[in-house]
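Read the structure below first, then the notes.
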Amino acid sequence: FGADLSAASKVYWDEFNDNSSAGYGLLGANIRIDMEDFDITFWGRNLTDKRYTSFWFETMGRSFAQFGKPLQIGISANVKF
């Protein structure tokens, strides 16, 4: 079993500090089942489905932003030789 937390503090997006986004934290976890010939890992990222801005900029009077990735879950398998 494993867990992680990635966090960012408040981010100011322009040189005048007029535009900013609040700080946030992203929770992740995984569970691995280890067998003799293979292992399987069940994992999740952004488990609280936090909506956050990954970047923002303004040009020619227009603002552009991209949001971070939402809740993600998956399974990974590894074969041992």
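Go through ASN19, SER6, ASN30 and say which Cα lies farthest out towards the positive end of the charge dipole of the chain; charges sit on Cβ, +1 for Lys and Arg, -1 for Asp and Glu.
Farthest along the dipole direction, towards plus: ASN19.
Magnitude of the Cβ-charge dipole of the chain, K/R +1 and D/E -1, about the Cα centre, nearest 20 debye?
My answer is approximately 200 debye.
Can you give the translational diffusion coefficient of the chain in µm²/s, computed by Stokes-Einstein from the Kirkwood radius over Cα pairs at 25 °C and 0.890 mPa s?
Estimated diffusion coefficient is 161 µm²/s.
If you stretched the chain out fully between PHE38 and ALA22, how much longer would it get, using 0.36 nm times the residue separation minus the C-alpha to C-alpha distance?
Working: separation 16, 0.36 × 16 = 5.76 nm, distance 4.21 nm.
So the extension gain works out to 1.5 nm.
Be a star and scan the stretch 23-38 for residues whose amide nitrogen sits under 19 Å from the point 7 Å along the Cα-to-Cβ vector of ILE75.
In the stretch 23-38, the label zone of ILE75 (backbone N under 19 Å from the point 7 Å along Cα→Cβ) covers 29-38.
Computed from the coordinates by the stated procedures, all read-outs in this text should not be read as laboratory data. Note that the structure is a prediction, hence the values are computed from the model and not measured. Glycine gets a Cβ as well: all are built from the backbone with ideal geometry, and neighbour counts include every protein chain shown.
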